[in-house]
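For reference, the structure discussed in these notes is given below.
The values are calculated or read from the model by the stated rules, or taken from the named source; none is laboratory data. Since the structure is predicted, the reported quantities are computational estimates derived from the model, not experimental observations. Neighbour counts are summed over all protein chains in view; Cβ atoms, including those assigned to glycine, are modelled from backbone coordinates with ideal geometry. Accessible surface is based on the protein model in full, side chains and every heavy atom, while ligands, DNA and RNA are left aside. Shrake-Rupley method; radii C 1.70, N 1.55, O 1.52, S 1.80 Å.
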There are 2 protein chains.
Amino acid sequence: MSYTIKDVAKKANVSVATVSRILNNLPGYSEKTKEKVLQVITEMGYQPNAIARGLINKKTKTLGVLLPAVSDTFASVVLSGIEDMAHDLDYSVMVCNTAKDGIRTMKYLQALREKQVDGIIFISEFFKEEYYNAITAMKLPIVLVSTKSAYDIPFIKVDDEKAVLDGVMYLLERGHRSIGMIAGTKGDTIATIPRIEGYKKALNKQGIAFETKKVVYGDFGFESGIEAAEELLYHNKDVTAIFCSSDEMAAGALSYLYRMSIRVPDEISLVGYDNTKVAEMAIPPLTTVGQPLYEMGKNSVRMLLEREDGQSKSMFMPHKIAERESVKSIDQSTGE
Amino acid sequence: MSYTIKDVAKKANVSVATVSRILNNLPGYSEKTKEKVLQVITEMGYQPNAIARGLINKKTKTLGVLLPAVSDTFASVVLSGIEDMAHDLDYSVMVCNTAKDGIRTMKYLQALREKQVDGIIFISEFFKEEYYNAITAMKLPIVLVSTKSAYDIPFIKVDDEKAVLDGVMYLLERGHRSIGMIAGTKGDTIATIPRIEGYKKALNKQGIAFETKKVVYGDFGFESGIEAAEELLYHNKDVTAIFCSSDEMAAGALSYLYRMSIRVPDEISLVGYDNTKVAEMAIPPLTTVGQPLYEMGKNSVRMLLEREDGQSKSMFMPHKIAERESVKSIDQSTGE
DNA sequence: GTGAAAGCGCTAACAT
DNA sequence: ATGTTAGCGCTTTCAC
């Protein structure tokens, strides 16, 4: 066993209370005893036991983060923002890979509760009623990142509809008239429906009719992008540009196009969504609607911790188009 | 506040000891009281406090993971293996993003200690003496993943020298004679020197002389791959293949070659290392020497937990070449 | 089969 | 300025 505060007290000839005060920077001791105690502490290599401490203050200085897949580029950037901010504030973070599995999420929620985390950050998944009930029952502060809910829970995300509208406008402004969309999971009320809405509005602004057959669905992943691109082009020989609801799907589309010997952006332009590393690494580098993922992660812990006194409110983060090389302007007069 | 074991005991008209026994599946109560207590527990929605529990058992059922960058593809796959295994074993994991920063690592080590984690997994960084001293002082079990140390600490990794030897042999067998190498950080005794050794040995087997100018260094990241490829080709117009020490660097090389209009694999073949998602997503898909990253993550927690009784030994994991489309066979007789 | 009570390592009154 | 002591919520002897 390691040393305890008692050992330190004994060796320094003071009471545990005094040691505790010194450890916590509370008033109530002379400079001399402080020095003495500090010296004994380093001598013994004493480290306070955060578990015992947590039992009393009801604070563990640790946060729980629930995300669909740690190895997913998207979530891992958010996680890294969370991690950095938490570290600055002296908090630790427990990661819980929910694997899009509701049962597993519930198990995690319980574990986090038992381990008395000070708050929970929930990333990018659909927030079920079941979760809501569990969390309100345990009275834990929570913030949603890149998702939102039907409940009064603060979230932090970009305005998806507006972001896609801008992304599609970007294409429209460059002369594209037949634009396809590779959307996310069909029916997803957070990341699919509003985005399709943005797509529609952009077309509408230019007086272009919306056609159902021009939007196909994927699941945000690479493989689904390949399939979606194939399906989209099969039904729409005329598209000159595709808006993709994630960089990974755009990478998939890119891959399909490459295999079909269709050049990007010469024959078809592509714009992605997220601005993750995959957009940078793609060939050609992808123009994409960027979300400030890292900042969103950082803000989420700030929000969570401030929340403790007085509800903090949700916030929309700005999106920004990262221009790279996957979009070509086409000259309308020549139809080229 | 939530309910405590005392509340349950009172409401069920038994002692806390009995409740505790039931909670922990210990003998010493009748089936009847068990039912009664269990019922009260669900009624109240009681959840045990793992902090209080941890104070007694000196077990927190949580692990600490130290890694250089959560958003790095490589580490995040390992992390996801760790996460899954930990979850199966009812452990939680605290992630610590060390950002290749020694000070930060030391801070984390201390935090993990104070929070009484049951063990530590250290991924892919150089393991400094400083860390060793801190960890032995706190008597925490630890395992190294994808790295090793000068100390008697179990590690789990692939045999880098052998892996690169196989990768380069793969190229040699396909007729390549002038092979460049984009290595990792110069001087890195874990992930660079042994790999260069493997490269040398492969050439040697075929009686090809090793040339210093054919190996250039990067830092395992995408951008460094771009620069390295440029440098390598500048000094070696004749290479027909490049072995890269990470998939990200290979993607960088790919990107550079694309910009230079040098076709892969027609003009230059490429093989990567790791077999992460970026190898799959590359255009063309990268042939790469794969490490079983996810499995390594899983094994590391198994190893860590078994370790508690009796030292467990290090293990080498098998590497395996994932064949995709970035390598072309060249016919030597025609010199093509 | 069940309960009382002594801690685990610490903090926070309350004394002095 | 410093010490004594009562817990925090739980597990674990030791009685009965």
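Please work out whether region B:160-290 counts as rounded, prolate or oblate from its C-alpha gyration tensor, where a ≥ b ≥ c are the square roots of the eigenvalues and a/c under 1.5 means rounded, while otherwise a/b larger than b/c means prolate and anything else oblate?
Cα axes put region B:160-290 in the rounded bin.
In a GNM of chain A with a 10 Å cut-off on Cα contacts, which of A:Gln47, A:Gln110, A:Gln291 has the highest mean-square fluctuation?
In this elastic network of chain A, the residue with the biggest mean-square fluctuation among A:Gln47, A:Gln110, A:Gln291 is A:Gln47.
In nm, what is the difference between 0.36 nm times the number of residues separating B:Asn236 and B:Leu23 and their Cα-Cα distance?
Roughly 69.7 nm would be gained on extension.
How large, in percent, is the carbon and sulfur part of the accessible surface of region A:186-236 at a probe radius of 1.4 Å?
50
Output the residues of region A:80-98 meeting this criterion: accessible area (heavy atoms, 1.4 Å probe) in the chain alone minus accessible area with all protein chains in place is 10 Å² or greater.
Residues passing the criterion (a loss of at least 10 Å², heavy atoms only) are A:Ser80, A:Glu83, A:Asp84, A:His87, A:Asp90, A:Ser92, A:Val93, A:Met94, A:Val95, A:Asn97.
Using amide H atoms built 1.01 Å from N in the peptide plane, name the residues 5+ places from B:Ser92, or on other chains, whose amide H lies under 5 Å from its own.
B:Thr62, B:Leu63
Pairwise over distinct Cα atoms, reciprocal of the mean inverse distance: report the Kirkwood radius of chain A in Å, one decimal place.
It is 22.5 Å.
Name the long-range amide H neighbours of B:Ile120: under 5 Å, sequence gap of 5 or more, or other chain; modelled H, no Pro or chain starts.
The answer is B:Gly64, B:Ile142, B:Val143.
DSSP loop (so not H, G, I, E, B), at most 16 other Cβ within 10 Å: list which trypsin sites (Lys or Arg not before Pro) in region A:232-336 pass both filters.
Filter output for region A:232-336: A:Lys237, A:Arg263, A:Arg307, A:Lys313.
Between region A:29-104 and region A:230-259, how far is it from one alpha carbon centroid to the other, in angstrom?
For region A:29-104 versus region A:230-259, the Cα centre distance is 43 Å.
For B:Asp331 and A:Lys313, FRET efficiency with R0 = 60 Å and r from the beta-carbon atoms, rounded to 0.05?
Rounded to the nearest 0.05, the efficiency is 0.30.
Taking region B:139-233 on its own, what percent of its Cα-Cα pair distances exceed 24 Å?
For region B:139-233, the fraction of Cα-Cα distances above 24 Å is 29 percent.
Tilt of helix B:73-88 relative to the longest C-alpha principal axis of chain B, in degrees (0 to 90, nearest 10)?
The angle comes out at about 30 degrees.
Give me the angle, in degrees from 0 to 90, between the Cα long axis of helix A:222-235 and the longest principal axis of the Cα atoms of chain A, rounded to the nearest 10.
Helix A:222-235 sits at roughly 20 degrees to that axis.
Under a 5 Å amide H to amide H cut-off, with H placed in plane at 1.01 Å, what residues pair with A:Ile242 once short-range neighbours are removed?
A:Gly180, A:Ser269, A:Leu270, A:Val271
Treating the angle as unsigned and between 0 and 90°, give the value, to the nearest 10°, between the Cα long axis of helix B:102-114 and the longest Cα principal axis of chain B.
Around 20 degrees separate the two axes.
For region B:33-181, with only Lys/Arg (+1) and Asp/Glu (-1) charged at the beta-carbon, what is the dipole magnitude about the Cα centre, in debye rounded to 20?
460
Show that you can apply the helix-only estimate: for the protein assembly as shown, add -39,500 (n - 2.57) for every DSSP H stretch of four or more residues, divide by all residues, and state [θ] at 222 nm to the nearest 500.
That comes out to -13500 deg cm²/dmol.
What are the residues of region B:240-289 that lose 30 Å² or more of accessible area, with a 1.4 Å probe, going from their chain alone to all protein chains?
Residues losing area: B:Tyr258, B:Lys277, B:Glu280, B:Met281, B:Ile283.
Using a simple charge model, +1 on the beta-carbon of Lys and Arg, -1 on the beta-carbon of Asp and Glu, nothing else, what dipole does chain A show about its Cα centre, in debye to the nearest 20?
1460
From the label point of B:Glu197, set 7 Å from Cα along Cα→Cβ, how far away are the matching label points in the other copies, in nm, ordered shortest to longest?
6.1
On the first, second and third principal axes, largest extent first, how far apart are the outermost C-alpha atoms of the protein assembly as shown in Å?
So the extents along the principal axes, rounded to whole Å, are 84, 67, 56.
In debye, nearest 20: dipole of the protein assembly as shown around its Cα centre with unit charges on the Cβ of K, R (+) and D, E (-)?
2860
For region B:1-44, calculate the relative contact order in percent as a whole number, restricting contacts to Cα pairs under 8 Å that are 6 or more residues apart.
Relative contact order here is 39 percent.
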